Amino acid sequence: MIQFQNVNKSYGNKKILDDLSLEIRDGEFAVLIGPSGCGKTTTLKLINRLIEQDNGKITIDGRDISEENTVELRRRIGYVIQQIGLFPNMTVEQNISIVPKLLKYPKEKCDEIVHSLLKLVEMPYEEYAHKYPAELSGGQQQRIGVLRALAASPPIVLMDEPFGALDPITRELLQEETRRIQKKLKKTIVFVTHDMDEALRLADTILFMQEGKLVQAASPEEMLRNPANDLIRSFMGRHMESANGTAKLLAEDFMRTRVLKVPETMHTLECIEMMRQRDVNTLVVLHEDDTYAGTVSIETIRKHGQAGREIRELISDEAMTISRKEDARAAFDQLLASSLQYLVVLNEDGTVAGLITRTSMAKAMGEALWGELTS
Amino acid sequence: MTNLFPLILEHMYIVAIAIAIATAIGVVLGVISFWYPRLGTFILFAAEMLQTIPSLALLALLMILLGLGNTTLIAGLVLYALLPIVRNTNTGLGGVPDHLREAARGMGMNRMQRLALVELPLSFPMIFSGIKIAVVNSLAIAVMGVLIGAGGLGYPIYRGIQMRSFERIITAALPVVIMAVGFDYLMTGFERRLTKRK
């Protein structure tokens, strides 16, 4: 069991940890999460004394770590970092067997460890043991990084955003693998991340930190059900909605807000010029009080427009509108049933909030399913 | 030409010994200056000062202390070779990425282990390039050894000057040039392979 009792840490005037107390049980997968600067990485590094606290006590299984030899302490605690940190001058095998060798394990035992660990992640010994880190993909490198931390069978493994630099697919694979290994080898893992998806997927307990304090420590389910404050709620965002099953997806969740809007007093030639510049073929037209008037398309202007006239007379009302608070389902039905390319989303006061296009709809669906999309 | 061959060998031998000693001392000083930056400033300053003493004067001073012969020349060459090696060791160690240093610390390596297993191997290309500079410099400076009674290619060049024989000067100087260019080429090639592997 790892225990923090009233731990403080400041750098100069900046308080990083503010009277932090927490507890991590044996065999627990504990995920530290919070906004950047909340002290989660500092907390992690205090455990293997890469950072020393100003005051307060940290114990592992009841023993005060400040009384232990740092080098010996670290050899009993696995450590995985975001930049992977494999030594480029050593092969995979040498990298994995660093700590066993520091602990002066006999050679046969080191060999055995390397063989069994590589087997654990299904990287055949013959193929990978003698490669250098640079010859491996990022995902393979971090697998080895994790194995290296496990090599001397430490009961505790610290992981500092280990998968942050990996692509989403590899990240997910490694998350699963880590979870599997943790269950199999019954390790206590302390894992730092800023990604709530990751925390929810991996954690037995999520420790949410904010401004150097522990705000909430709870299982993922519990945290979803009863977030302690608004920040946690916003961190969990869409997960909460799906967990509660009550959230209604609204039209506004699917719209894009960057819309080309023009006043109805604009002249036809200006409109054409604007459309050409922005490469669109329809403009949303507003009344003088900013409320929605209708749309105007480039074909209409070409066919009926006269130079120098206001577009007021060319406005069409064929585009469908929907209130932003309306159920997204209704918007989808309309969009799919009609041959229209978009729906205009209106605020309560009749002004334009955004557009739902087929693309924005697909993107929002994707994000709801898989989280933030990169492009 | 045939009678130059033993002198060429002797020349190389003198330089090799000097470089071996300079590397041993230089890397240690480089490590110390990396560990204790304040002391390091002083060490680097001293090594730079040595470099500014004209080789003739330095050898003469050493001669007063150590007498005539190859030993004195080697001592002089060592002093000159120190700067590039110390400086490059220091720079190389300083260039090891922080996350690797932290990984090494986090795994429970003590300072010596970090140095031996991680920091020195990773700085080796940089240190090697310092050695290369030292080798090329030393090959040229070793010629001055003739003035303090040391062997090597200095003697035939000096004889050539005394006899005002352009041909003799050239035949003795050419091997020095070839050696310098040759070692530079070979060592640069090796250096490239070292850095490529990273």
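Taken together, the values in this text are just the output of simple stated rules run on the coordinates, not laboratory data. These figures come from a predicted structure and were not determined experimentally. We place every Cβ from the backbone using ideal geometry, glycine too, and count neighbours over all the protein chains shown.
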Q. If you plug each phi of the stretch B:25-34 into the Karplus form 6.51 cos²θ - 1.76 cosθ + 1.60 with θ = phi - 60°, what whole-Hz ³J(HN,Hα) values come out, in order, with x for Gly and Pro?
A. 5, x, 5, 4, 4, x, 5, 4, 5, 6
Q | Positive-pole candidate from A:THR357, A:LEU286, A:PRO263, dipole of the stretch A:251-370, charges at beta carbon | A | A:THR357
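Starting with the fewest neighbours, write out A:MET196, B:MET12 ranked by other beta-carbon atoms found within 10 Å of each beta-carbon. Don't skip to the answer; put the middle values down first.
Numbers: A:MET196 24, B:MET12 18.
Fewest-to-most Cβ neighbours within 10 Å comes out as B:MET12, A:MET196.
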Q.
Compute a Gaussian network model of chain B, connecting alpha carbons closer than 10 Å, and tell me which residue from B:PHE128, B:PHE42, B:PHE34 fluctuates the most.
A. B:PHE42
Q) Given labels modelled 7 Å from the Cα in the Cβ direction, how far is it in nm from B:ALA57 to B:ILE161? A) 1.8 nm
Q.
Highest mean first, how do B:53-65, A:178-190, B:139-151 rank when packing is the count of other Cβ atoms within 10 Å averaged over residues?
A. B:139-151, A:178-190, B:53-65
Q. Within a Cβ distance under 15 Å of A:GLU211, other residues only, what is the Lys/Arg minus Asp/Glu net charge?
A. +2
Q.
If you average the C-alpha positions of the stretch A:99-114 and of the stretch A:259-285 separately, how far apart do those two centres end up, in angstrom?
A. 72 Å
Q | Degrees separating the helix B:37-52 axis from the principal Cα axis of chain B, which is the longest one | A | 10 degrees
Q: Any chance you could give the angle, 0 to 90 degrees and rounded to 10, that helix A:107-120 forms with the longest Cα principal axis of chain A?
A: 20 degrees
Q) Considering every residue in B:94-106, what mean count of other chain Cβ atoms within 10 Å of its Cβ is obtained? A) 5
Q: May I ask you to list the lysines whose Cα is less than 22 Å away from that of A:LYS213, ignoring any residue fewer than eight positions away on the same chain?
A: A:LYS9, A:LYS14, A:LYS15, A:LYS40, A:LYS45, A:LYS57
Q: Report, in debye and to the nearest 20, how large the dipole of the stretch A:44-185 comes out about its Cα centre when Lys and Arg carry +1 and Asp and Glu carry -1 on their Cβ.
A: 280 debye
Q.
Please give me the summed charge of the neighbours of A:ASP349: other residues whose Cβ is under 10 Å from its Cβ, Lys and Arg +1, Asp and Glu -1.
A. -3
Q) What number, in percent, do you get for the relative contact order of chain B if the mean sequence gap of Cα pairs under 8 Å and at least 6 apart is divided by its residue count? A) 27 percent
Q: Arrange the following residues from fewest to most other Cβ atoms within 10 Å of their Cβ: B:SER123, A:SER153.
A: A:SER153, B:SER123
(Q) With bins 10 Å wide starting at 0, give me the P(r) of the stretch A:106-238 over every alpha carbon pair, in whole percents. (A) 10, 38, 31, 14, 6, 0
Q) Which percentage, to the nearest 5, of the DSSP beta bridges contained in the protein assembly as shown is antiparallel? A) 60 percent
(Q) Please give the charge dipole size of the stretch A:2-244, origin at the Cα centre, charges +1 on K and R Cβ atoms and -1 on D and E Cβ atoms. Round to the nearest 20 debye. (A) 400 debye
Q: Please give the calculated 222 nm ellipticity per residue for chain A, where each DSSP H segment of at least 4 residues contributes -39500 (n - 2.57) and the sum is spread over every residue; nearest 500 deg cm²/dmol?
A: -11000 deg cm²/dmol
Q: Note down the relative contact order for the stretch A:2-244 as a percent, whole number, built from C-alpha pairs under 8 angstrom at least six residues apart.
A: 28 percent
(Q) If you average the C-alpha positions of the stretch A:153-200 and of the stretch B:117-196 separately, how far apart do those two centres end up, in angstrom? (A) 54 Å
Q | Choice from A:GLN216, A:GLN341, A:GLN175 showing the highest fluctuation, given a GNM over chain A with Cα pairs closer than 10 Å | A | A:GLN341
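Taking Cα pairs under 8 Å and at least six residues apart, what relative contact order does the stretch A:13-70 come out at, in percent?
For the stretch A:13-70, the relative contact order is 25 percent.
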Q: Report the one residue of B:ASN70, A:LEU185, A:VAL146 whose Cα lies farthest in the direction of the positive end of the charge dipole of the protein assembly as shown (charges on C-beta: Lys and Arg +1, Asp and Glu -1; origin at the Cα centre).
A: B:ASN70
Q.
Once each part is reduced to its C-alpha centroid, what is the distance from the stretch B:23-41 to the stretch A:55-79 in angstrom?
A. 32 Å
Q. If the cut-off is 22 Å between C-alpha atoms, which lysines fall inside it for A:LYS109, apart from same-chain ones fewer than 8 positions away?
A. A:LYS101, A:LYS119, A:LYS131, A:LYS184, A:LYS186, A:LYS187
(Q) Give me the one-decimal Kirkwood hydrodynamic radius in Å for the protein assembly as shown, with the sum taken over alpha-carbon pairs. (A) 30.2 Å
Q) For the protein assembly as shown, with only Lys/Arg (+1) and Asp/Glu (-1) charged at the beta-carbon, what is the dipole magnitude about the Cα centre, in debye rounded to 20? A) 2640 debye
Q.
Tell me the net charge near B:VAL15. Cut-off is 15 Å between Cβ atoms, B:VAL15 excluded, with +1 for each Lys or Arg and -1 for each Asp or Glu.
A. -1
(Q) If the elastic network links every pair of Cα atoms under 10 Å, which of A:GLU28, A:GLU108, A:GLU135 fluctuates the most in the Gaussian network model of chain A? (A) A:GLU108
Q.
Take A:THR359 and A:LYS303, extend 7 Å from each Cα along the Cα→Cβ direction, and tell me the distance between the two endpoints in nm.
A. 2.5 nm
(Q) Testing the spin-label approximation: label points 7 Å from Cα along Cα→Cβ at A:ASN226 and A:LEU173. State their distance in nm. (A) 4.0 nm
Q) For A:ARG201, A:ARG75, what ranking results if the residue with the fewest other Cβ atoms within 10 Å of its Cβ goes first? A) A:ARG201, A:ARG75
Q: Return the FRET efficiency for the residue pair A:GLU122, B:VAL28: r is the Cβ-Cβ distance, R0 is 45 Å, and the value is rounded to the nearest 0.05.
A: 0.50
